[in-house]
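*Asks:* Sending over a structure as structure tokens; questions will come in a sec.
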Amino acid sequence: MNSSADRSVQMTGNRTQAARQRFDTLCAPLKADLFRFLYWLCRNRSLAEDVMQETLLRAWKSIDSLSDEKAARSWLLTIARRELARTFERKRLPTVDLDSAAISEGDAFAVEDDHDVREMRRAIMQLDATHREPLVLQVMLGYSTEEIAEQLNISLPAVLTRLHRARHVLRKQILGDGAREGASE
Amino acid sequence: MKCHELQTAIGADPKSADPEVLAHVQTCSACAEYRDQMLRMDTLIYKALAVPVQSETLATAPREAPVRHWQIAASLLATVAIAGSVWVASTRDSLAEQIVTHTEHESFAMVRSDDRVDAKTLNDILADAGVSIKAEAADVSYASSCPFHGHEVPHLVVQTEHGPVTVLVLAHEKPTKSMQPISEAGYEGVIMPAPRGVIAVLGKDVPVQDAAEKMLAAVEYR
């Protein structure tokens, strides 16, 4: 928190110390989740960091619009999604080679991760965004399927289908041909 | 609840506390094993998703440079210059460029493939954008809802006899008066006026005209 405060010195406007404190109290505990959410959406660490910066700036500017503090995480993730979409629209971003991305990004985490985790990370990276995002919201951020539907503005059956397909693909990737074809499409 | 229904439900949420799910796994060892396997896989998924976050990243705070008077003046001048150039530039060219950029971002999907997106998934994605597609009108190997100009739009890859093409159903765009060609970054394509908005079809070394006309005839707007 101290280092965060030190790096916040350039925030401008007529915001009071109380507003600043409110922002830090609400958003600081969410930064790790925010980064991971962005990382898994764009699959690129430095881009995730850049968009996280933009997200926090936009959140700071609109902190007064957040009336329900319990909804802070959902509010922040919504801003993050929009910021990432804006980034993709305004920049000509290089195409991500999934194999090399999985290897290079995987190497950065390799020290503390075992083989199974790396293989799963590689498999998740290859899921398409439609399936990856609800999985991240559910497994990592603990969203219910109803909350995911609300967050992504899609129907509950669509959420259930996407989650089922995501796990089906991952299971086949991890277990290979040995995956029992029990789950129907 | 039958086994395949349970496994679909477990696939969507292995921690489901639905009484029907819990009752079924009490009496079906195969489904109980399936659920255990999915729970173990979720633990692995969680570990994989929880990538380490550097302390510098956690220290990130919004930074905004102080605004000075000379910056305001410079900003006004820049605004006038940009407005002039935007006025001169064609907005259609801008749309074409954004379509190509978007397609490049998911170029991994634009490959020859025998995979087909199942009808339910495809319908769900199209329904999110308020459209549907006539049954078996296109061989869709990839379908995704993508953010574009503030809307979720269907992004499809359709297999044609000449190769794969990318189709974006842009129902929220301003319609063009006529077909607009796209030729950029190795992509050839068209932006077709549709009953609502436009449909963009792009390919690489693949004729897109036929595919575009087929898609235009196949997509139905609600």
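Bear in mind these aren't lab numbers, they're just calculated from the coordinates by the rules spelled out. Note that the coordinates shown come from a computational prediction; the quantities given were computed from them, not determined experimentally. No Cβ is skipped: glycine too gets one built from the backbone with ideal geometry, and neighbour counts run over all protein chains shown.
*Asks:* Can you return the lysines within cross-link range of residue A:70? Criterion is Cα-Cα under 20 Å, with same-chain partners fewer than 8 residues away left out.
*Replies:* A:31, A:61
*Asks:* Report the semi-axes of the equivalent ellipsoid for segment A:122-180 in whole Å, largest first, where each axis is √(5λ) for an eigenvalue λ of the Cα gyration tensor.
*Replies:* Semi-axes from the Cα gyration tensor: 22, 11, 9 Å.
*Asks:* While we're looking at this one, here's another question. For segment B:198-222 and segment A:65-83, what is the separation of their C-alpha centers, rounded to whole Å?
*Replies:* For segment B:198-222 versus segment A:65-83, the Cα centre distance is 37 Å.
*Asks:* Looking only at other chains, what is the average number of their beta-carbon atoms within 10 angstrom of each beta-carbon in A:34-47?
*Replies:* Average neighbour count from other chains, rounded to a whole number: 2.
*Asks:* What order, most packed first, do the peptides B:25-35, A:118-128, A:62-72 have when packing is the mean number of other Cβ atoms within 10 Å of each residue?
*Replies:* A:118-128, B:25-35, A:62-72
*Asks:* Picking from A:37, A:56, A:74, whose Cα lies most toward the positive end of the charge dipole for segment A:16-94 (charges on Cβ: Lys, Arg +1; Asp, Glu -1)?
*Replies:* Going by the charge dipole, the pick is A:37.
*Asks:* Wrap a convex hull around the Cα atoms of segment B:139-222, take a quarter of its surface area, and give that in square nanometres.
*Replies:* 5.4 nm²
*Asks:* Over all residues in B:9-16, what is the mean tally of Cβ atoms on other chains that come within 10 Å of each residue's Cβ?
*Replies:* Averaged over the peptide's residues, the number is 6.
*Asks:* Normalized C-alpha radius of gyration of segment A:16-94, against 2.2 N^0.38 Å?
*Replies:* Dividing the Cα radius of gyration by 2.2 N^0.38 Å gives 1.10.
*Asks:* Please work out whether segment B:3-49 counts as rounded, prolate or oblate from its C-alpha gyration tensor, where a ≥ b ≥ c are the square roots of the eigenvalues and a/c under 1.5 means rounded, while otherwise a/b larger than b/c means prolate and anything else oblate?
*Replies:* Judged from the Cα gyration tensor, segment B:3-49 comes out prolate (a/c at least 1.5, a/b above b/c).
*Asks:* Quick one: what are the phi-derived ³J(HN,Hα) couplings along segment A:43-54, Karplus 6.51/-1.76/1.60 with θ = phi - 60°, whole Hz, x for glycine and proline?
*Replies:* After applying 6.51 cos²θ - 1.76 cosθ + 1.60, I find 6, 8, 4, 5, 5, 4, 5, 4, 5, 4, 4, 5 Hz.
*Asks:* Please compute, for peptide A:162-174, the average count of beta-carbon atoms on other protein chains lying within 10 Å of each residue's beta-carbon.
*Replies:* Rounded to a whole number, the mean comes out at 4.
*Asks:* If r is the Cβ-Cβ distance from residue A:20 to residue B:108 and R0 is 56 Å, what FRET efficiency results, to the nearest 0.05?
*Replies:* Efficiency computed from Cβ-Cβ geometry: 0.85.
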